[in-house]
Amino acid sequence: MIRLRTLQGPALTLSLLALLWVIVLVMLLALKPSVFSLGTMTSIIQFSTILALVSLGQALVIMAGGAGIDLSVGGIVSLSAIVAMLFVKLGLPPVLLPAACILIGTFLGALNGILVTKLTLLPLIATLGTFFIYSGLALALTGGAAQSGVPTWLLGWGRGTLAGIPLTFLTIALPAFAITGIVLVWTAWGRWIYAMGFNERSARLVGIPVDRARLILYAASGALGGAAALVSVAWLGSARANIGQNLELESLTAAMLGGIAITGGRGGVGGVLAAVILLVTLRTGLLQLNVNTVWQVGIVGTLLIFVLLADRLSQHWR
Amino acid sequence: MMNGVLTRNGREWSLLAACIVAIIVFSVASPYFATSGNAATLLRNSVELLLVGLGMTLLLAMGGIDVSVGIVMGLAAIGVGRALGADLPVGVTALAGPVIGAGLGLVTAAVVVLGRVPAIVGTLGLLGVYRTAIFVLLGGQWLSGLPTGLTDVLAATFLGIPVAAFLIALAYLAVWLALRRTPYGLHLLAIGNSEEKARLSGIPVVRVRFATFIVSGALTGLAATFYVANYRNVEMTIGTTLALDAIAAVVLGGTSILGGKCSLLGTVLGVLLLRILQNGLLLVGVPSLWQPVLTGGLLIGVLMLEVAAGRLSFPQTGWVRK
């Protein structure tokens, strides 16, 4: 415990998350040892991919400050999947489905960015509005029906594994986290994001193009949502209007749990990935223990509140 | 003089005009719109949104927000429904709504005000918790076919006017008096303008914010009483889009989402306009699935217009003090 106390920032977050993860695993092991198989691990990571991508976008938007938040992430995932599939049905070559998903997501994210930066709308209201527009459109365009017709080669990628690890995780989620981590730590761009999140006025005064950077970050969050849509389509074999349900809550929880400060300017991507894996392990464990899925959203909500309260308390003690 | 009234209450007049235009357009477009039956449906559908909207007006004017109001109404409605089903006295049944609502408002206040958590994130977390609570309490089954006890009392007339109308007028009057005729109202608007300045000038910021979340909860609970009386069932998806509807109606009514400025009359007209649009579009054949798209679009559209008119400019600063 003394060692814990000397840890700081990201290292502290990561060790706490690892500790929590071990606790969850031990509890699961005690309650139901049969949970531990390669298959379970694979499905945990499979489930993680979508949440990881969305949480990464959420984390970036929050980190950049300016009361940044993206409540529309779930809507972006649903709508990009649906619209991309509808395009394919209208005659778009299926080869372009992946690109379509990501491009549509980027477009929807950029719309958020324009509302927030060019029109200076408060992010929480702007993205609350677009959340209902995007998820409403996904439902209204399809009447709630799943859109099938995903090419088989895409299913091979979406369901394939390498050494027990899903291909989607290896080829999209990991690179996205790695690239974002490198950008945040080693490039001027990354420093800008921290700077504008930490103190926006100073960031503007030293000449950082805050609005442009923020617009790009909302677009990036959209692009990651589009990538998550692609993963869902390739995995499930159809585009579903409800695939993004509760993602705003889950991604916020993952970001907060991963050590991103809601006020911006603090946190890293490693914690977010660890938090996503912790959340999904918890969810899979509950599923294995036959706990009704309606408990999941409540547990995630409780976690979010506790993390925020704990963050306040820790600042109080510091 | 007239000119002064027009500019001072420009928002209310233009909302009234928009309501009238919408009524005329839909009356022409659909033979079912301008019927007394539809008018009654429209008013009935507006009641719970109006009550929730009054609470949301106070919250937004204070610089707060609550996205869990729809589900809070659902939880209170379950309480009211259970009380109604158990044949408790009508007074107890009717009060169950506001009491449960105020209790849940207390929880929200504890998390957001005492925990110093941004309201949007805190209430989103509570939304998740409450959604599970609704599923667990209902156990996968709707409350339906509830007795008519509450409905009869609210529909009974006094001096030719339904009791329900008296209650709603009373709620409106109480909120108006609190906001415009008491120190509490001034404090609330001061906090909405600048929490920092309000604190420095000695306003009991924590107490006022705490009270406002409880008042909003109680109004939401009252909405639940009306909901149960009107529909006599509680479904699993109750209140899903109520928070969005309320925020859209209140912003439409001229309340600033940055706080410090609000209009209760604007909220009433905003609620009416929103419900007229939703009802009318349904009648001319737009599927109800499009409603969230319309409401979200309306919300953002109004804000864009306000920005364009230079009436609204958001400071690009962070959430809360660091």
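The values are calculated or read from the model by the stated rules, or taken from the named source; none is laboratory data. Only a predicted model underlies this, so the values are computations on that prediction, with no experimental measurement involved. Here the Cβ is made from the backbone with ideal geometry for all residues, glycine too, and neighbour counts use every protein chain on show.
Do we have A:Gly105 as touching a Lys or Arg at 6+ places or on another chain (Cβ under 8 Å), of a type in the set (Gly, Ala, Ser), more than 9 Å from every other protein chain (Cβ to nearest Cβ) and over 30 Å from A:Gly39 (Cα atoms) here? Show your work before the answer.
Working: touching a Lys or Arg at 6+ places or on another chain (Cβ under 8 Å): no; of a type in the set (Gly, Ala, Ser): yes; more than 9 Å from every other protein chain (Cβ to nearest Cβ): yes; over 30 Å from A:Gly39 (Cα atoms): yes.
Against the criterion (touching a Lys or Arg at 6+ places or on another chain (Cβ under 8 Å), of a type in the set (Gly, Ala, Ser), more than 9 Å from every other protein chain (Cβ to nearest Cβ) and over 30 Å from A:Gly39 (Cα atoms)), A:Gly105 does not qualify.
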Criterion (assigned to a helix (DSSP H, G or I) and in contact with a strand residue (DSSP E or B) (Cβ under 7 Å, 6 or more places away or on another chain)) met by exactly one of B:Ala39, B:Ala77, B:Ala22, B:Ala17: B:Ala77
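Can we say B:Val117 is within 9 Å of another protein chain (Cβ to nearest Cβ) and either at positive phi or not in a helix (DSSP H, G or I) (or both)? Steps first, please.
Working: within 9 Å of another protein chain (Cβ to nearest Cβ): yes; either at positive phi or not in a helix (DSSP H, G or I) (or both): yes.
In short, yes.
When you check B:Leu265 against the structure, is it more than 22 Å from B:Val107 (Cβ to Cβ), within 18 Å of the chain's Cα centre (by Cα), in contact (Cβ under 8 Å) with a residue 40 or more places away in the chain and assigned to a helix (DSSP H, G or I), yes or no?
Values: more than 22 Å from B:Val107 (Cβ to Cβ): yes; within 18 Å of the chain's Cα centre (by Cα): yes; in contact (Cβ under 8 Å) with a residue 40 or more places away in the chain: yes; assigned to a helix (DSSP H, G or I): yes.
It is true that B:Leu265 is more than 22 Å from B:Val107 (Cβ to Cβ), within 18 Å of the chain's Cα centre (by Cα), in contact (Cβ under 8 Å) with a residue 40 or more places away in the chain and assigned to a helix (DSSP H, G or I).
If we keep just the residues of the range A:268-318 that are small (Gly, Ala, Ser) and within 14 Å of chain B (Cβ to nearest Cβ), which is farthest from A:Ala195 (Cα to Cα)?
Filtering the range A:268-318 for residues small (Gly, Ala, Ser) gives A:268, A:270-271, A:274-275, A:285, A:298, A:301, A:310, A:314.
Pick out the ones that are also within 14 Å of chain B (Cβ to nearest Cβ) and you get A:298, A:301, A:310, A:314.
Working: A:Gly298: 34, A:Gly301: 30, A:Ala310: 24, A:Ser314: 22 Å.
Top of the filtered list is A:Gly298.
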Hits in the range B:273-308 - residues which are more than 10 Å from chain A (Cβ to nearest Cβ) and free of Cβ contacts under 8 Å to residues at least 12 places away in the same chain: B:Leu282, B:Gly285, B:Leu305
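Mind counting the residues in the range A:140-169 that are small (Gly, Ala, Ser) and away from chain B (no Cβ under 14 Å)?
Step one: list which residues in the range A:140-169 are small (Gly, Ala, Ser), which gives A:140, A:143-146, A:148-149, A:156, A:158, A:160, A:163-164.
Those still in the list that are away from chain B (no Cβ under 14 Å) too: A:146, A:148-149, A:156, A:158, A:160, A:163-164.
Residues flagged as small (Gly, Ala, Ser) and away from chain B (no Cβ under 14 Å) within the range A:140-169 amount to 8.
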Number of the condition not met by A:Leu119 [criteria: (1) part of a loop (DSSP other than H, G, I, E, B); (2) more than 9 Å from every other protein chain (Cβ to nearest Cβ)]: (2)
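From the list A:Ile193, A:Ile133, which one is buried (at least 19 other Cβ atoms within 10 Å of the Cβ) and at the interface with chain B (Cβ under 9 Å from one of its Cβ atoms)?
Working: A:Ile193 fails: at the interface with chain B (Cβ under 9 Å from one of its Cβ atoms).
Only one candidate passes the filter, namely A:Ile133.
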Any chance B:Thr151 is more than 14 Å from chain A (Cβ to nearest Cβ), modelled with pLDDT under 90 and farther than 17 Å from A:Thr302 by Cβ: yes
Number of the condition not met by A:Trp235 [criteria: (1) more than 14 Å from chain B (Cβ to nearest Cβ); (2) under 22 Å from A:Ala178 (Cα atoms); (3) outside any loop (DSSP other than H, G, I, E, B)]: (2)
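Residues are listed down the side, and each one gets a yes or a no for (1) closer than 30 Å to B:Val90 by Cα; (2) exposed (fewer than 15 other Cβ atoms within 10 Å of the Cβ); (3) not small (Gly, Ala, Ser):
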{"site": "B:Ile168", "(1), (2), (3)": "yes, no, yes"}
{"site": "B:Ala171", "(1), (2), (3)": "yes, no, no"}
{"site": "B:Trp176", "(1), (2), (3)": "yes, yes, yes"}
{"site": "B:Arg181", "(1), (2), (3)": "no, yes, yes"}
{"site": "B:Glu195", "(1), (2), (3)": "no, no, yes"}
{"site": "B:Val205", "(1), (2), (3)": "no, no, yes"}
Qualifying residue in the range B:50-64 (condition: out of contact with any helix residue (DSSP H, G or I) (no Cβ under 8 Å at 6 or more places or on another chain) and either among the hydroxyl-bearing types (Ser, Thr, Tyr) or modelled with pLDDT of 90 or more (or both)): no
Elements of type helices (runs of 4 or more DSSP H) in the range A:1-115, at least 3 residues being farther than 29 Å from A:Ala195 by Cα and of a type outside the set (Lys, Arg): A:9-31, A:38-63, A:73-89
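Which residues, counting only those in the range A:58-75, are of a type in the set (A, V, I, L, M, F, W, C) and on the phi > 0 side of the Ramachandran plot?
Within the range A:58-75, the subset of a type in the set (A, V, I, L, M, F, W, C) is A:59-64, A:67, A:69, A:71, A:73.
A:Ala67 - this is the single residue of the range A:58-75 that is of a type in the set (A, V, I, L, M, F, W, C) and on the phi > 0 side of the Ramachandran plot.
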